[in-house]
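The values are calculated or read from the model by the stated rules, or taken from the named source; none is laboratory data. Everything numeric here is computed off the predicted structure, so don't read it as measured data. We place every Cβ from the backbone using ideal geometry, glycine too, and count neighbours over all the protein chains shown.
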Amino acid sequence: MSDTTAARTDTIAAIATPPGRGAVGVVRISGPAARQVGERIAGKLPAPRMAVLRSFRDAAGARIDQGLLLHFAGPQSYTGEDVVELQAHGGPAVLNLLLQATFAAGARPARPGEFSERAFLNGRMDLAQAEAVADLIEASSSGAARAALLSLQGEFSRRVLALLDELIALRADLEAALDFAEDVPWITSETLHERIVALVEITADLIGEATQGRRLREGMIVAIAGRPNVGKSTLLNRLAGVEAAIVSPHAGTTRDLLREHISVDGLPLTVVDTAGLRETPDPVEQEGVRRAWSALEKAELILYLADDGSGLTADDDALLAKLPADREILLLFNKCDLSGRPALRHTDERGRTSLRLSAATGEGFPLLTAEIKRAAGLTAAPEGIYTARARHLDALHRAQASLRLARAHCSKSASPELVAEELRQAQRALDEITGRFTTEDLLGRIFSTFCLGK
């Protein structure tokens, strides 16, 4: 018996609500003895999915609290097992006493994510949906929450399973022709090639969608850079919607990194305001400039500000040349309210995109929002994107690589057995996403990142 199977014979318990004080706190119990544990604490259970007011007592019979008792009979429960919930007052002391009472009654402490792990192992959801539970809890923007909900409802899984169905059908036709050549019509090389090409295209579309989903889940780090007094702090305040940074006409006001976590049309961003880039004898400002360059190395998008009145100076050109070559840089000509010129988007002869805007008035900010979303790779409306993780994209890329090899073998009229093997490898990679194929080690890594009680 594996460790995972052995663990499923235990009854587990955990506090399912966040740490701290609140009006209501929930202790969740799941497993074969969940009913008995619940009855030892709160008396006879009500009918499934019915809530009753009960007193909760410890092993000695002392009253802990009074609250609602609910029972969900397996397999029609979150975990697919019998589940009991004790809904008490949300003080830490009360909930800890209740949790200790469940342990005294025969439950053991749940591991992080063990409730969702059992839901997956009992067929209540696939692996991608289980991960979406954690993503929904951790969502840092409304767009990320909507994307996680779509995945939880199975949208990502349906797209992967549709691709798998096409792949399995092709494998079945090819392997039947290989194993029963005398009885099954052979697939022509043209037909085989066309079907593999279609699979490659579907996989590419899925990778594009999943990449957007990962971006909505993880967000993007955006750094604001430029010479002193070009409006970097004003830009941060405008993006954040609050006075996060001190704005002053004196150069060198910002001497440390300022970070704000914001959302732009559902896209979570970490925006970093940096010290003005210049040579300075001030040791404190020197450290600020050093930290600014360090932040620019870590940023995924750099917003480089210049004054629209003076345009790019020789100092700007020198600084732009020193920025990380592998980062996307968006050039912003700020203070168009002072220069008297309208906001616009422009692409120069070198293909470099720039915007003219005003951080002080907000003029041109719809252009900036659109460029940030473009840089993040968001081509669809956030409400149509489902969440995805790095491991999903890794599996999709491996499936794509195998399909491309199968296409190459087919084009070169190589042995059909080689084509069949690459198709098998592609299916194996896709099966990792939903959990059709997985290992206990992978499950352990995935569910250990979940919070307790989920």
* Structure fact -> The condition from (1) over 24 Å from T9 (Cα atoms); (2) in contact (Cβ under 8 Å) with a residue 40 or more places away in the chain that T79 misses is numbered (1)
* To do: Considering each of G276, G231 in turn, give the residue that is under 22 Å from C336 (Cβ atoms), modelled with pLDDT under 85 and in contact with a strand residue (DSSP E or B) (Cβ under 9 Å, 6 or more places away or on another chain).
  => G276
* Having 2 or more residues that are among the basic types (K, R), assigned by TED's automatic domain parsing to the domain that holds K412 and surrounded by fewer than 19 Cβ atoms within 10 Å (Cβ to Cβ) is the bar; report the helices (runs of 4 or more DSSP H) wholly within segment 103-217 that clear it. => 155-179
* To do: Being within 32 Å of the chain's Cα centre (by Cα) and of a type in the set (S, T, Y) is the filter; apply it to segment 279-327 and report the residue that is farthest from G340 (Cα to Cα).
  => S294
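A quick yes/no check of all residues on (1) touching a Phe, Trp or Tyr at 6+ places or on another chain (Cβ under 8 Å); (2) more than 27 Å from D205 (Cα to Cα):
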{"site": "I302", "(1), (2)": "no, yes"}
{"site": "L312", "(1), (2)": "no, yes"}
{"site": "L320", "(1), (2)": "yes, yes"}
{"site": "C336", "(1), (2)": "no, yes"}
{"site": "R345", "(1), (2)": "no, yes"}
{"site": "G384", "(1), (2)": "no, no"}
* **Sole residue being at pLDDT 90 or above and within 24 Å of S310 (Cα to Cα), chosen from A223, A198, A204** => A223
* Asked: Can you name the residue in segment 16-62 that is among the aliphatic types (A, V, I, L, M) and free of Cβ contacts under 8 Å to residues at least 40 places away in the same chain and, of all such residues, is surrounded by the most Cβ atoms within 10 Å (Cβ to Cβ)?
  -> L45
* Asked: For I302, all conditions in the list (1) closer than 27 Å to R217 by Cα; (2) without any contact (Cβ under 8 Å) to a residue 40 or more places away in the chain hold save one; what is the number of the exception?
  -> (2)
* Only one of these conditions is not met by L239: (1) within 30 Å of Q286 (Cβ to Cβ); (2) surrounded by fewer than 20 Cβ atoms within 10 Å (Cβ to Cβ); (3) modelled with pLDDT under 90. Which number is it? -> (2)
* To do: Test D282 against the stated conditions and say whether it is without any contact (Cβ under 8 Å) to a residue 60 or more places away in the chain and of a type in the set (D, E).
  => yes
* Kindly indicate whether any position in segment 81-93 is part of a strand (DSSP E or B) and acidic (D, E). => yes
* Asked: Taking segment 247-270 as the search range and keeping residues that are touching a strand residue (DSSP E or B) at 6+ places or on another chain (Cβ under 9 Å), of a type in the set (V, I, T) and surrounded by fewer than 21 Cβ atoms within 10 Å (Cβ to Cβ), which one is modelled with the highest pLDDT?
  -> T270
* Asked: Listed residues T369, T353; which is at pLDDT 90 or above, among the hydroxyl-bearing types (S, T, Y) and over 21 Å from A148 (Cβ atoms)?
  -> T369
* Of the conditions (1) modelled with pLDDT of 90 or more; (2) within 26 Å of G31 (Cβ to Cβ), E155 fails just one. Which one is it? -> (2)
